[in-house]
Structures are given as structure tokens and as C-alpha cells.
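Scroll down for the structure; my scribbles are underneath it.
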Amino acid sequence: MAIQIRRRPSQQWDPWSEFRDFERAMNRIFGEGPRMQVEYPAINVWTGKDDVVLTAELPGIEPDDLDITVHGTMLTLRCSPKEQQRGDGETYHRRECRHEGFARSWLLPFEVDADKIEAKLENGVLRLTLPRSEASKPKKVEIQTT
Amino acid sequence: MTAEAALAERQQTQQGAEVEATRSRPTFVPCTNIYEREDAIVVEADMPGVGPDSVDVNLDGDELTIAGQVADVPIEGHELSYAEYEVGDYRCKFRISAAIDADKIEAAMKNGVLHVVLPKSEEARPHKIEVKAG
């Protein structure tokens, strides 16, 4: 009887798993506790051939209040909005949105070219284009024939 | 409620009783702040992605309707690999309790936040009554 050797179906590799793990680890360190709720700000990540685009909804945030830093593969988005002046004699009927400060970090699956990062804040949506650094791009290896 | 909790709990509008949108995109109820000043009621609604030209503010009797349409520009040559939020339009309705001077309503859109000032009509403003010492 022929023994069939079949490779175990490997888990599909997800380049963003590390990205999420890192954030979970950070939350553990800083005492946020294990929560499954979406962090603020919520982000979407779009992957292209040579770059990734990160979008985040940041209503009410001025470009000057945002601080974006990249250190190695760690991307940090920090926001410290100016205190809003509220007049006296104002009574809230409802208060659902607070444009507060935040700091959120992610571990990117590759190194980015920090000089070529583009950030655009339009209608309260941040669009961050992170080009992959030349060194981190995959290289095709030529096979030599003798 | 913290900002993240508000975001996580972003409600989708009940579309059944309401008139349905022709576009299949989801419609969300925006997070709003409503506060009252002596002379006006101010409504602030978070509508990220909505530009100043694609927002509608309507006051019909005492019913204020806010609707915003998101310009969803696809990112060409890219595919969505990780998502925490969904893009959609915004719609909400409020019943305004005070009498409003409809001609003087002002609405402005800045950084994805709609700011509507609804000035109270003269008769709805508080009148201070002097109490004389007897």
C-alpha cells in the first residue's frame, strides 16, 4: 500500500497577524486589559505592490494636532488636540463625540521609506501612504544554468 | 462614553420604517453632540469623509434631518487587507424642542464635523424678570 505523504494544510500566512499581535501586547503592557473592542481611531489598511495605505477616521482633528512617527517597522499615530473652549451656560442634551487625544502604534510587516511617507487629512479622514523601502522589497533570485 | 466606545457602537440606521437608500452602502447614525445655549441649540455631528458639498441639513417643523454622503474614493491598485471600520453614508433625525428661527440656521462643515447652529426664536429665549425688593 502506498503511503501518501500529504503536507499538513498550513495556516494561511497573514502578514498582518503580527500587526494585530503587537497591538494586543501593547494593550496588555499598558493595562488596557483584554478587550475585543475596536481601538480609537479605527483604521483600514490597503495593500499595494510597493506600499500600504492606512486610512483612519479622525473627525474634528486638525493636521497640527497629529504626530506621525515611524521607527523601524513601528508606526505611531499620536494626537493631542487643543482644549476646546466651551462657553458658560451651555447645557448638553447629548454628548457622543469627544475629540480627545490618543496614541496608537502598529508593527508594519516591512520597513518603510520614512522620507517618502505621505499623509493627507481630508474631511476628517487621514490617508497615510507608506512606501516599502527598497531594501525590504522582495528580490528575484536568478537561477544560473551551467 | 469614550470615543472608542462610541465608535465601536456606531449604529447602523434602522432601515425598514425609513425610506431605503438607492445605494447599497450602509448608512450610519453619526455620533452627535447637542448642546443648548441661551440663544441657540447647537448640533455637532461626526461625519468623517463627508465634504461640505455633500451634506444636507433640513428643518421641517420641529424635525431636523442631517444627511451626509461619503465620497468613497477607491485606492487604485490596492486591496483592503485589514479593516476596522466600514465606509458609509450618514443620516439622523432629531426633534428640536425649542422654537427655532429657521431663517437664521447656520451650518458649517469642517474636518468631517458638521456644526449646525439653530438660533432660538425671540419668544423662545429666556426673559429675565427683575424681582423688586418690596
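The values are calculated or read from the model by the stated rules, or taken from the named source; none is laboratory data. These figures come from a predicted structure and were not determined experimentally. Using ideal geometry, Cβ is built from the backbone for each residue, glycine included, and neighbour counts are taken over all protein chains shown.
For this structure, a couple of remarks:
- If the condition is being free of Cβ contacts under 8 Å to residues at least 40 places away in the same chain and charged (D, E, K, R), then segment A:122-146 contributes A:GLU122, A:GLU134, A:LYS139, A:LYS140, A:GLU142.
- Condition check for B:VAL87: over 15 Å from the mean Cα position of the chain (by Cα) and within 9 Å of chain A (Cβ to nearest Cβ): yes
- Out of B:GLU122, B:GLU79, B:GLU106, sole residue that is over 18 Å from A:GLY124 (Cβ atoms) and either in contact with an Asp or Glu (Cβ under 9 Å, 6 or more places away or on another chain) or surrounded by 18 or more Cβ atoms within 10 Å (Cβ to Cβ) (or both): B:GLU122
- Screening B:LYS128, B:LYS110 for residues that are under 22 Å from the mean Cα position of the chain (by Cα) and among the basic types (Lys, Arg) leaves exactly one candidate, B:LYS110.
- Single residue of B:VAL117, B:VAL87, B:VAL73, B:VAL131 found to be in contact with an Asp or Glu (Cβ under 6 Å, 6 or more places away or on another chain) and outside any strand (DSSP E or B): B:VAL87
- Lone qualifier among B:THR22, B:THR27 - being over 17 Å from A:LEU126 (Cα atoms), at pLDDT below 85 and more than 13 Å from every other protein chain (Cβ to nearest Cβ): B:THR22
- The residue that is modelled with the lowest pLDDT, counting only those in segment A:88-99 that are within 7 Å of chain B (Cβ to nearest Cβ) and surrounded by fewer than 15 Cβ atoms within 10 Å (Cβ to Cβ), is A:GLY89.
- Residues that are part of a loop (DSSP other than H, G, I, E, B), under 23 Å from A:TYR40 (Cβ atoms), in contact with a strand residue (DSSP E or B) (Cβ under 9 Å, 6 or more places away or on another chain) and without any contact (Cβ under 8 Å) to a residue 40 or more places away in the chain are absent from segment A:103-121 altogether.
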